């Protein structure tokens, strides 16, 4: 299957199983595919901007370079999904499971990731500027080395064991965040809000904390605090 009209027609008749379909570069912008099963589907370079993908299953799917800007992906499953270099700016990914996924170089600017689970995913070089990761989002052992998290809302987020080497967290809101054991080597936390954040056992070597708010933050046994 490689035709957008065929996908939409089959979906309109009630079909939801599109596992392993080949839809490289297909244009499905603003379409409704909510609840669809796209396990191991190839959607590399596809245009899904503004699409309704509520509850969609994209486990092990290939979305390399896909355009998902403004898409509704609430409660979607993206386990072990390849989203490298994809555009997810302003997408609604609240409550989404994006575990063990490849998100290298992905654009998540302004995305809503409230209560999303990104544990063990690779976000190296990703842009999450102004994204919302509040509401107990899980980023356990997530690699965000070099990622842009400036102005991001990470209130109450769980970043235990996260790798944030050279990440840009300028003016990020990390109030009450769990950064236990996180690696913040060379990270920029200028003017970040770390009020009541837990940085126990965190690595903060050459970390920039100029004008950061650290009231009631826990730096107990953090490695080599440097400002």
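Any read-out appearing in this document is the output of simple, stated calculations on the displayed coordinates, not a laboratory observation. Every value quoted in this text rests on a predicted model; they were computed, and no experiment measured them. Every residue, glycine as well, gets a Cβ built from its backbone with ideal geometry; the counts of neighbours run over all protein chains shown.
Taking Cα centroids, how far is region 92-119 from region 31-52 in Å?
Here the answer is 16 Å between Cα centres.
If you restrict to DSSP beta bridges whose two residues both lie in the chain, what percentage is antiparallel, to the nearest 5? Display every interim value, and only then the final one.
On the way: 0 of 38 bridges.
Roughly 0 percent of the DSSP beta bridges within the chain come out antiparallel.
With the convex hull built on the Cα atoms of region 134-179, state its orientation-averaged projected area in nm².
Details: hull surface 10.3 nm².
If I average the Cα hull's projected area over directions, I get 2.6 nm².
Let me have the 222 nm mean residue ellipticity of the chain computed from DSSP H runs of 4+ only, each contributing -39500 (n - 2.57), with the sum over all residues rounded to the nearest 500. All intermediate terms of the calculation are to be shown ahead of the outcome.
Numbers: 1 runs with 9 residues, N = 227.
Rounded to the nearest 500, it is -1000 deg cm²/dmol.
State the label only: which of (i) 59, 48, 36; (ii) 59, 23, 21; (iii) 49, 39, 35 corresponds to Cα extents along the principal axes in Å computed from the shown model?
The listed entry that was calculated here is (ii).
Show me 17-26, 44-53, 3-12 ranked by packing, highest mean number of other Cβ atoms within 10 Å first.
44-53, 17-26, 3-12
With the Cα gyration tensor of region 12-54 giving a ≥ b ≥ c as the square roots of its eigenvalues, does the rule (a/c under 1.5 for rounded; else a/b larger than b/c for prolate; else oblate) give rounded, prolate or oblate?
oblate
Roughly how many nanometres apart are two label points built 7 Å out from the Cα toward the Cβ at residue 27 and residue 211?
According to this spin-label approximation, the distance is 4.6 nm.
Rounded, prolate or oblate for region 3-109? Axes are the square roots of the Cα gyration tensor eigenvalues, ordered a ≥ b ≥ c, and the cut-off for rounded is a/c under 1.5. Could you put the intermediate results ahead of the total?
Values: a/c = 1.41, a/b = 1.40, b/c = 1.01.
Rounded.
Compute the Cα gyration tensor for region 35-93, then decide on rounded, prolate or oblate, letting a ≥ b ≥ c be the square roots of its eigenvalues: rounded whenever a/c is under 1.5, prolate when a/b is larger than b/c in the other cases, and oblate in all that remain.
Taking the square roots of the gyration eigenvalues as a ≥ b ≥ c, region 35-93 is oblate.
Could you give the length gained on full extension between residue 190 and residue 20, defined as 0.36 nm per residue of separation minus the Cα-Cα distance, in nm? Before the final figure, lay out the partial values.
Values: separation 170, 0.36 × 170 = 61.20 nm, distance 4.50 nm.
Here the answer is 56.7 nm.
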